[in-house]
1. Considering amide H positions built from the backbone, and no H for Pro or chain starts, which residues 5 or more places from Arg102, or on another chain, come under 5 Å of its amide H?
2. With contacts defined as alpha carbon pairs under 8 Å and 6 or more residues apart, what's the relative contact order of the stretch 203-276 in percent?
3. Which whole-number percent gives the relative contact order of the chain, counting Cα pairs below 8 Å spaced six or more residues apart?
4. Considering the options Val69, Phe9, Ala50, tell which one lies farthest towards the positive end of the dipole of the stretch 1-97, charges being +1 on Lys and Arg and -1 on Asp and Glu at the Cβ, about the Cα centre.
5. Which of rounded, prolate or oblate describes the stretch 201-250 when judged by the alpha-carbon gyration tensor and an a/c cut-off of 1.5?
6. With each label point set 7 Å from Cα along the Cα-Cβ vector, what nm distance links Val124 and Ser18?
7. By the scheme Lys and Arg +1, Asp and Glu -1, what is the net charge of all other residues having a beta-carbon under 12 Å from that of Asp131?
8. Using the crude model of +1 on Lys and Arg Cβ and -1 on Asp and Glu Cβ, and no other charge, please compute the dipole size for the chain relative to its Cα centre, in debye to 20.
Amino acid sequence: MKTKQSIDFSYEFFPPRSEQMQRRLWRAVGQLERLRPAFFSMTYGALGSAQEVSVESAISMHHDSPVAVAAHLTCSNASRRQVHAVARQFYAAGIRRFVALRGDSVEQETAASAGYPSVAELIVDLRALGDVDISVAAYPETHPLARNAMTDLQALRDKLDAGAQRAITQYFFDADCFLRFRDRARCSGIDKPIVPGILPIHDLDKVRGFSERCGATIPGRYAALFAKAGNQPEARYRLALDLAVDLCERLNREGVDSFHLYTLNQTDMCLDISLALGASLQAPQLTSAA
Ligand code: FAD
């Protein structure tokens, strides 16, 4: 097990939708890059203009930050040619890391979606671009659309066998749930890293909303804990921070030495979680793409 000091962190951002959000994003990036993370990642919106903003944001981040950037890329609801063109655009801009995904379901897949039949095939095409690093998604509580836990694990295996380097999980709040999933994955022959995705709870009601859609379970005790913290922002912040740090520390004791933090483009909590886990602030660096 790595010592607390050598835990690797990666931080996920989403593309900003307004100038104000853009300022918040760049502030967050500026602060978190001083922790020398393994990489930043930029999500890729499911439809239309959000995808363009994702591409612009990932490329700007790659140019402006010294931290390696992983561009998320989804392959549902778009033709193979469209997806491949975006992959080439990222590659031409110098991005060498990808998070290869199916993408969030859209109500009706159009004819244009006669594209990649699986994420595994997208991975094959990404690898053909050159020397790339690919992460894929995994689901400790099983993807809500999966037939069952076994087929879900098989889907993960297919993606890793196709050449992805690691899996990053959907967020979860129960360490045992992750550890059982990791055991099942190991038993099924998966030996690549499975990096837990950690979501700090800035707002329990909002997290409830996301969790219903993505199938993550919020422990029953959380409602009482947040109710006890009441409407005092400091008490709620402290509680959310303690819950995230406790979860990561428990996982670290079980040999987990990399964490992927869903920042929601907010810095403070992710910074505090990382510092509590042994990360330290370093002097600012020059950009890698300069
Ligand atoms: P797969 O590996 O193809 O599927 C995972 C499992 O879900 C399999 O068991 C598969 O059979 C089942 N499944 C999924 N969809 C269907 C379906 N339509 N029919 C039948 N079975 C299905 N989404 C975005 O849009 N943009 C992002 O940037 C993004 N980033 C993510 C990052 C991480 C770390 C994670 C965990 C998720 C992210 N997602 C993102 C969400 C992800 O795209 C969805 O969960 C999607 O439904 C499944 O993607 P996948 O790559 O895991 O697909």
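Each reported figure results from applying straightforward, stated rules to the coordinates on display, with no laboratory input. None of the values given here were measured: they were computed from a predicted structure. Ideal geometry is used to build each Cβ from the backbone, glycine not excepted, and the neighbour counts take in all protein chains shown.
1. Cys75
2. Reported as a whole number, the value is 22 percent.
3. 26
4. Highest projection toward the positive end goes to Phe9.
5. Since a/c reaches 1.5 but b/c is at least a/b, the shape of the stretch 201-250 is classed as oblate.
6. In this crude spin-label approximation the distance works out to 4.5 nm.
7. Charge balance near Asp131 sits at +2.
8. Roughly 220 debye for the chain.
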